[in-house]
Amino acid sequence: MKFTYTAVTKDGKTVHGTLDAVDRQGVVSSLTKQGAKPVAIKAEGVHGSKKHRGKKVKSKDLVIFTRQLSTMISAGVPLTRAMYTLQMQTDNKYFKEVIGTMMKDIEGGLAMGDAFDKYPNVFSDVYVNMVKAGEAGGILDEILKRLASQVEQDSSMRKKIKSAMAYPVVIFGITILAFFGIMIFVIPKLGKIIKDLGGEDAKLPVYTEMMLNFSTFLQKNAIPLLAVSIIGVYLLRRYIRTPKGKYQFHALLLRLPIIKTVVIKIAIARFARTFASLMSAGVAVLDALEVTGGAIGNKVIERELQEAAKAVKNGKQLSEPLSQSKHFPPIVSQMLAIGEETGQIDTILIKVADFYEEEVETTIDGLSSLIEPLMIVVLGGMVGLIAASVMGPIASLSKNVGDN
């Protein structure tokens, strides 16, 4: 297999090139013999299958697979037999197919990490790189245990965010539907009652006139407005999926006061846990930074990490460029500097990850408890405004008619 590499020579020069080797460890050994220190190694010619890119595997299934595979490997079960057992146990038809194909690839002589790399929709870059590092270092069972824990942590965080957002999203949706339903179906009938009571020339409050005019506009243009909205949302989503659109969207999130805090804390937690896991697995620093950047989930912060990687390539410690970052809090660079001095980067960053994951939970719980009553107030205020705009004039006109 062919590998591209970046290495630093004894005199401090950075060199790039390609080597043919059986695995990554072969590249490391070859470069070490030449007196060069490898900083980044990447296999060429291994690509994900386009056929299965749209399919997914649940986090729960991936955690069970990873933990059981780790247990069987540490117990000395042959890899192909372990894969066959896991294939028989899984209920997910697509995952069963993936495991079967990987088993055949491994039987054919393909490295386990490269077999996993064919399914980027199932196994993330972080997962694949840690498996490759585990193979190279002969600690695959330990690496798989770490991976299972990491997948569980990521899944838990996503579930908490979704759970916290579910109620506000439902209330907001009901509010929007109720508003347009009232404006299109209820207000026109109430407007007719007002006109019947007061006549065409009756003087109405300004806000009532605005409400009736807006209701008439929605009645006449409901279908075109709905079509334009659907097309607009579709085009916006397509644009956000482009590299430029995604970067701009992520930059916008980092400018919104409350959302900014949550996004940064999630990104820092992911960075700390992922980078710590990769470093403990023996992945080269630049490789670890590249993979970690893709796992953060925000393109703006990922670009900052790429700039930090350039500084590392030029001989600086990672804590130096991160200390000048706009989004990485000072505590991260300070803790990282301590880890660099003591040689315990992975241990210290795991503590940073635990801290920020707790911060994310606390922030989300606080926002959830604040958003729920706020949405109820908004819904009540909307209904109250409509009632005041329509029912008030009806009561007033009815009184005038009674007096006459």
Search result, residues across region 223-244 that are more than 27 Å from Leu367 (Cα to Cα) and either touching a helix residue (DSSP H, G or I) at 6+ places or on another chain (Cβ under 6 Å) or among the aromatic types (Phe, Trp, Tyr) (or both)
Tyr234, Tyr239
Surrounded by fewer than 16 Cβ atoms within 10 Å (Cβ to Cβ) and either modelled with pLDDT of 85 or more or in a helix (DSSP H, G or I) (or both), is that true of Glu152?
no
Flagged in region 106-117 as assigned to a helix (DSSP H, G or I) and crowded, with 16+ Cβ neighbours inside 10 Å, in numbering order, are Ile106, Met112, Gly113, Asp114, Ala115, Phe116, Asp117
Hey, Gly294 in a helix (DSSP H, G or I), in contact (Cβ under 8 Å) with a residue 12 or more places away in the chain and not assigned by TED's automatic domain parsing to the domain that holds Asp11 or not
yes
Filtering region 297-329 down to residues that are without any contact (Cβ under 8 Å) to a residue 60 or more places away in the chain, in contact with a Ser or Thr (Cβ under 7 Å, 6 or more places away or on another chain) and of a type outside the set (Ser, Thr, Tyr), which residue is nearest to Val128 (Cα to Cα)?
Leu305
Return a yes/no flag: does region 265-284 have any residue that is in a helix (DSSP H, G or I), buried (at least 22 other Cβ atoms within 10 Å of the Cβ) and touching a Pro at 6+ places or on another chain (Cβ under 8 Å).
yes
Can you report the number of residues in region 102-114 which are within 20 Å of Leu144 (Cα to Cα) and out of contact with any Ser or Thr (no Cβ under 8 Å at 6 or more places or on another chain)?
7
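The values are calculated or read from the model by the stated rules, or taken from the named source; none is laboratory data. Just so it is clear, the structure is predicted and the values come from calculations on it, not from any experiment. As a convention, Cβ positions derive from the backbone with ideal geometry for all residues, glycine included, and neighbour counts pool all protein chains shown.
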